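Structure, as structure tokens:
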Amino acid sequence: MKNKSAKLKDPLVVTGPDGKSKIEVDLRIIKRAALTLRALHHPLRKKLLELIEAKGKVTVTELYAKLKIEQSVASQHLAILRRAQVVNTQRDGKKIFYSVNGKRIAEIVELAKDLAQESEY
């Protein structure tokens, strides 16, 4: 039996809505998209985004102090938000400032709305 990563490398091929064409689904892209959606669907990351949005730009120190959480926890969740590209970073000396990437969040929201719609075929 193949391992999980090999399964994701092999595309899924399905018949298109016209009944004739073939659609090749890259499961690695699907997995990455799911991780991006999950990045926004978490209570602590929602709080982090709300605080960043309220301040405009903020350091990890300000975030963990305000939320009364460990620095490592804040950093781990910020890393998830960075990978999903929903926060921007800007280095100023030793400090890294986080800001909300509104353009990326708007794209994710539009995609989520499309996915939530019922299909006609």
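What follows draws every value from the coordinates through simple rules; no lab data is involved. Quick caveat, the model's predicted, so the values are computed rather than measured. Reconstructed Cβ throughout: ideal geometry from the backbone, glycine too, with neighbour counts over all protein chains shown.
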**Asked** In percent, how large is the relative contact order of the chain, given Cα pairs closer than 8 Å and 6 or more residues apart?
**Response** 19
**Message:** Take ASP10 and LYS95, extend 7 Å from each Cα along the Cα→Cβ direction, and tell me the distance between the two endpoints in nm.
**Reply:** 5.3
**Request:** First select every other residue whose beta carbon is under 13 angstrom from the beta carbon of LYS55; then total the charges, Lys and Arg +1, Asp and Glu -1.
**Result:** 0
**Prompt:** Between their Cα atoms, which of LYS9/LYS94; LYS31/LYS95; LYS55/LYS103; LYS66/LYS94 are more than 29 Å away from each other?
**Reply:** LYS9/LYS94; LYS31/LYS95
**Message:** For the ranges 17-30, 64-77, 45-58, 103-116, what's the packing order if you count other beta-carbon atoms within 10 Å of each residue, average per peptide, and put the highest first?
**Reply:** 45-58, 64-77, 103-116, 17-30
**Message:** Give me the one-decimal nm value for the distance between modelled label points at GLU110 and GLN76, 7 Å along each residue's Cα-to-Cβ direction.
**Reply:** 3.4
**Request:** Starting from the Cα-Cα distance between ALA54 and ALA34, subtract it from 0.36 nm times their residue separation and give me the gain in nm to one decimal.
**Result:** 4.5 nm
**Prompt:** What list of ³J(HN,Hα) values in whole Hz, one per residue of region 13-19 in order, does the Karplus curve 6.51 cos²θ - 1.76 cosθ + 1.60 (θ = phi - 60°) give from phi, with Gly and Pro shown as x?
**Reply:** 10, 10, 6, x, x, 7, x
